[in-house]
Amino acid sequence: MNRGAPGAKSIQRVAIVAKIGPEEGGRVVGDVGDWLARRGIEVLHDSETASILGRDNGFERGTLPSDVDLVLTVGGDGTLLSVARTATPLGVPILGINFGSLGFLTELQPDEALEGLAAVLDGNYSVEERQTLRVRLLRDGNVACEYALLNDAVITKSALARMIVVEVRIDDERVATYTSDGLIVSTPTGSTAYNLSAGGPILDPRLRAFVIAPICPHTMTYRPLVVPGSVVVRLDMHTTDEAVYTTLDGQIGFPFENGDCLRIDEHPNPARLVRVAGHAFFAVLRRKLRWGER
């Protein structure tokens, strides 16, 4: 969706969420914040970033202030993923500055940050909408928790557990009962994450689809499965005596107990990623993964 057209909403309030490890990270956050403030933009920081900058008015991580027009993440893909869980239900666009090792989702390198932000403030940018997962844990028939995820939901055994047994249903139709080390349900965006390591396919992020990929399955007849993004995926635990864990976007985890169910479908709100540098998806694959090289 192009936001550079006339009438695009002007940006007045920017929230900055950072993972400040290297000293350069703190410098970039300070420089970017000062640069925005000089242009009349109200800048807000999460509490951890505010503390590092010597301020005491930060908002709590996992929340966003009201009426924010843009969230700026300074860190790697993990920082952006954590922000997406909050920003996605609110429809707030995200622009990432990369300090991570890979940077599939982040848009700008530190030396591109001010030029990129200038283009955004001038309205010369686009917003790429990425499909997200709505994941609900059902326990005793009730929704125990619900999340909006940009990458994936993963069910895995603990370090000492034997193989686990998970039944998969799509729109109430039984697909299979997987005996494996675990199971991944990912978005097209998440297809280049754990799914790829488990032998799953790479999906173009413009698709509306899910990948269901077993982790080290008990039999070679199990293969990754791509299904439409319009379906409802249900995962039922049939393992009774092993420790099993659910991990969401690699950042949130909780035990997955016998009788529990994960209900996964497309979240009604996509993640909205600001694009200003013109990095095409397949160019990113070639650069970041050396994809297609001989």
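I want to confirm something. Restricting to the range 56-79 and keeping residues that are of a type in the set (Asp, Glu) and surrounded by 13 or more Cβ atoms within 10 Å (Cβ to Cβ), which single residue is nearest to Tyr194 (Cα to Cα)?
Here is the first cut: in the range 56-79, the residues of a type in the set (Asp, Glu) are 56, 60, 67, 69, 77.
With the extra rule that they be surrounded by 13 or more Cβ atoms within 10 Å (Cβ to Cβ), the set shrinks to 69, 77.
Numbers: Asp69: 31, Asp77: 13 Å.
Per the criteria, the residue is Asp77.
Condition test on Val71, is it part of a loop (DSSP other than H, G, I, E, B), at pLDDT 95 or above and under 18 Å from Leu121 (Cα atoms)?
no
What is the one condition in (1) modelled with pLDDT of 95 or more; (2) touching a helix residue (DSSP H, G or I) at 6+ places or on another chain (Cβ under 9 Å) that Pro188 does not satisfy?
Failing condition for Pro188: (2).
Scan the range 184-205 for residues that are surrounded by fewer than 23 Cβ atoms within 10 Å (Cβ to Cβ) and in contact (Cβ under 8 Å) with a residue 60 or more places away in the chain and jot them down.
Across the range 184-205, the qualifying residues are Ile202, Asp204, Pro205.
Quick one: is Pro268 within 30 Å of Leu121 (Cα to Cα) and in a loop (DSSP other than H, G, I, E, B)?
Working: within 30 Å of Leu121 (Cα to Cα): yes; in a loop (DSSP other than H, G, I, E, B): yes.
Yes; evaluated as a whole, the condition is true for this residue.
Step by step: first the residues of the range 259-294, then only those that are loosely packed, with under 14 Cβ neighbours inside 10 Å and modelled with pLDDT of 85 or more, then the one that is nearest to Val231 (Cα to Cα). Which residue is that?
If we take residues in the range 259-294 being loosely packed, with under 14 Cβ neighbours inside 10 Å and modelled with pLDDT of 85 or more, then Pro268 is nearest to Val231 (Cα to Cα).
This table checks each residue for (1) basic (Lys, Arg); (2) at pLDDT below 95; (3) part of a strand (DSSP E or B); (4) touching a Ser or Thr at 6+ places or on another chain (Cβ under 9 Å).
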| residue | (1), (2), (3), (4) |
| --- | --- |
| Pro205 | no, yes, no, yes |
| Val211 | no, no, yes, yes |
| Tyr222 | no, yes, no, yes |
| Arg234 | yes, no, yes, no |
| Thr239 | no, yes, no, no |
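Can we say Ser180 is free of Cβ contacts under 8 Å to residues at least 60 places away in the same chain and in contact with a Cys (Cβ under 7 Å, 6 or more places away or on another chain)? Break it down stepwise before answering.
Values: free of Cβ contacts under 8 Å to residues at least 60 places away in the same chain: yes; in contact with a Cys (Cβ under 7 Å, 6 or more places away or on another chain): yes.
Against the criterion (free of Cβ contacts under 8 Å to residues at least 60 places away in the same chain and in contact with a Cys (Cβ under 7 Å, 6 or more places away or on another chain)), Ser180 qualifies.
Report, by residue number, each residue of the range 38-88 that is polar (S, T, N, Q) and under 19 Å from the mean Cα position of the chain (by Cα).
Passing the criteria: Thr63, Thr73, Thr79, Ser82, Thr86, Thr88.
I need the full set of residues from the range 170-183 which are surrounded by fewer than 16 Cβ atoms within 10 Å (Cβ to Cβ) and either in contact with a Leu (Cβ under 8 Å, 6 or more places away or on another chain) or not in a strand (DSSP E or B) (or both), in order please.
Of everything in the range 170-183, those that are surrounded by fewer than 16 Cβ atoms within 10 Å (Cβ to Cβ) and either in contact with a Leu (Cβ under 8 Å, 6 or more places away or on another chain) or not in a strand (DSSP E or B) (or both) turn out to be Asp171, Asp172, Val175.
Checking Val28 against (1) surrounded by 16 or more Cβ atoms within 10 Å (Cβ to Cβ); (2) out of contact with any His (no Cβ under 9 Å at 6 or more places or on another chain); (3) modelled with pLDDT of 90 or more; (4) not in a loop (DSSP other than H, G, I, E, B), which test does it fail?
Failed condition: (3).
Suppose we filter the range 128-167 for residues that are more than 25 Å from Pro201 (Cα to Cα) and of a type in the set (Val, Ile, Thr); how many remain?
So the count comes out to 1.
In the range 158-167, what residues are surrounded by fewer than 20 Cβ atoms within 10 Å (Cβ to Cβ) and either farther than 12 Å from Tyr245 by Cα or not polar (S, T, N, Q) (or both)?
At the first step, the residues of the range 158-167 found to be surrounded by fewer than 20 Cβ atoms within 10 Å (Cβ to Cβ) are 158-163, 165, 167.
Answer for the range 158-167, where residues must be surrounded by fewer than 20 Cβ atoms within 10 Å (Cβ to Cβ) and either farther than 12 Å from Tyr245 by Cα or not polar (S, T, N, Q) (or both): Ala159, Leu160, Ala161, Arg162, Met163, Val165, Glu167.
Check the range 271-282 and report whether any residue there is under 21 Å from the mean Cα position of the chain (by Cα), more than 24 Å from Leu90 (Cβ to Cβ), assigned by TED's automatic domain parsing to the domain that holds Val143 and not in a strand (DSSP E or B).
no
Give me the residue from the range 97-137 that is under 30 Å from Tyr147 (Cβ atoms) and without any contact (Cβ under 8 Å) to a residue 40 or more places away in the chain and, out of that set, nearest to the chain's Cα centre (by Cα).
The selected residue is Thr106.
The values are calculated or read from the model by the stated rules, or taken from the named source; none is laboratory data. Bear in mind that the values here come from a model prediction, so they are computed numbers and not experimental data. So basically every Cβ, Gly included, is an ideal-geometry build from the backbone, and we count neighbours across all protein chains shown.
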